[in-house]
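Structure first, commentary second.
The values are calculated or read from the model by the stated rules, or taken from the named source; none is laboratory data. If you're wondering where the values come from, they're calculated on a predicted model, not measured in any experiment. Quick reminder, even Gly has a Cβ in these numbers, built from the backbone with ideal geometry, and neighbours come from all protein chains shown.
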Amino acid sequence: MGPISAYSLLFQLLIILLSIWQTRMSILKKWNWAFWAGVFFSFLFTLVAYEGIGSNPIIALLFTAYWTFLLTFTQPKQVAPKMNEAYIYLYSLYFWYVLGSDIYQKPNNLFLYVFAAVALYPSSLILRACFSTKVIDSNQKVVLYFWFLICIIFIYFNEVFVKNLFPYMAVHKYSLVGFTYTLISAVQVYFLAVIISLALISNPLSHMDRDGRSFGTRWKEAKRDSKKIIETALQQYINFQISKLQWLYLTLGSLFVFYLDAIYEAHLYTLLLYTLVLPLVHFYFKWSPSDNTEFLEE
């Protein structure tokens, strides 16, 4: 087995280990032997497939999609990232920086302008939430929840998948660099896969039963199941009111990072900040400040 194939198998093992860490080992207690047998046969198939097709990363992607979708479908509360206005605001700023760069490079792309117009509402909502004297209502939290997912998905597809797809694929010998690239790739891609899976299971279409009942009945039940998933994910939402000074620090700090990114073309370091450091904080360690909105109006 060549180095790239070995790194790919290591990548999948890291996906398993990350999911165990993120759920605080609950998947070891709640998932039965049949599921783990399925995981074993998936790895066995992967090992055989690599001998035949070489270093095709599609196998690793399919395994990640399969694993994370099942994980989020069975334990959405365990895998949902901690969210508050500060995190959402930071990702919103980076979203607009990336989208602005795309528009600058492709000024005639109408889709980018339409996308920007649609993104104005959730962006204004998070900005208003930063200065509001009231706790945002549940409907606004749902909007910000999906906006948070959209920001992360857009950033990954625009920056990671387009420009830095599986960096370990470029390493053709066993080395510490190859292992490091594989570790970074696993953290980033697992984070993205879980975010996409959360977005998918939040859609009523993913809960539609195929039986003989009427479409209206099945659609009503699907919406109910979807609502439960969203409510479960929103339990990870922390009502943290940003002070004006904190807002200023977050804004100036982000602008400084974007300035360095643009002037010195430090795209890799910016990506590591938003797709490795921040996910480690609010996704894997699940750190978030405590609710501080007792003084606000309901």
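Scanning the range 184-219 for residues that are farther than 12 Å from Tyr156 by Cα, assigned to a helix (DSSP H, G or I) and hydrophobic (A, V, I, L, M, F, W, C) yields Ile184, Ala186, Val187, Val194, Leu198, Ala199, Leu200, Ile201, Leu205, Phe215, Trp219.
Here the range 148-182 is the region considered, the condition is being under 16 Å from Leu271 (Cα atoms) and modelled with pLDDT of 85 or more, and the residue that is surrounded by the fewest Cβ atoms within 10 Å (Cβ to Cβ) is Ile153.
Can you spot a residue in the range 229-240 that is of a type outside the set (S, T, N, Q), assigned to a loop (DSSP other than H, G, I, E, B) and in contact (Cβ under 8 Å) with a residue 24 or more places away in the chain?
Our first condition is that a residue be of a type outside the set (S, T, N, Q); within the range 229-240, this holds for 229-231, 233-234, 237-238, 240.
Remaining after also requiring assigned to a loop (DSSP other than H, G, I, E, B): 238, 240.
Those still in the list that are in contact (Cβ under 8 Å) with a residue 24 or more places away in the chain too: 238, 240.
Checking the range 229-240: at least one residue is of a type outside the set (S, T, N, Q), assigned to a loop (DSSP other than H, G, I, E, B) and in contact (Cβ under 8 Å) with a residue 24 or more places away in the chain.
State all residues of the range 246-298 that are under 19 Å from Leu99 (Cα atoms), aromatic (Phe, Trp, Tyr), under 22 Å from the mean Cα position of the chain (by Cα) and surrounded by fewer than 16 Cβ atoms within 10 Å (Cβ to Cβ); if no residue qualifies, say none. Of everything in the range 246-298, just one residue is under 19 Å from Leu99 (Cα atoms), aromatic (Phe, Trp, Tyr), under 22 Å from the mean Cα position of the chain (by Cα) and surrounded by fewer than 16 Cβ atoms within 10 Å (Cβ to Cβ), namely Tyr269.
Rundown of residues vs (1) surrounded by 13 or more Cβ atoms within 10 Å (Cβ to Cβ); (2) at pLDDT 80 or above; (3) touching a Lys or Arg at 6+ places or on another chain (Cβ under 9 Å), yes/no style:
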| residue | (1), (2), (3) |
| --- | --- |
| Pro3 | yes, no, yes |
| Ala6 | yes, no, no |
| Leu10 | yes, yes, no |
| Leu17 | no, yes, no |
| Lys29 | no, no, no |
| Phe45 | no, no, no |
| Tyr50 | yes, no, no |
| Ile53 | no, no, no |
| Thr64 | yes, yes, no |
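Just checking, how many residues over the range 109-135 are hydrophobic (A, V, I, L, M, F, W, C) and touching a residue at least 12 places away in the same chain (Cβ under 8 Å)? Counting residues in the range 109-135 that are hydrophobic (A, V, I, L, M, F, W, C) and touching a residue at least 12 places away in the same chain (Cβ under 8 Å) gives 11. For the range 105-158, the set of residues classified as of a type in the set (Lys, Arg), in contact with a Leu (Cβ under 8 Å, 6 or more places away or on another chain) and farther than 30 Å from Ile184 by Cβ consists of Lys134, Lys141, listed by residue number.
Taking the range 193-209 as the range and being surrounded by fewer than 20 Cβ atoms within 10 Å (Cβ to Cβ) and either over 30 Å from Ala60 (Cα atoms) or among the hydroxyl-bearing types (Ser, Thr, Tyr) (or both) as the test, only Ser206 passes.
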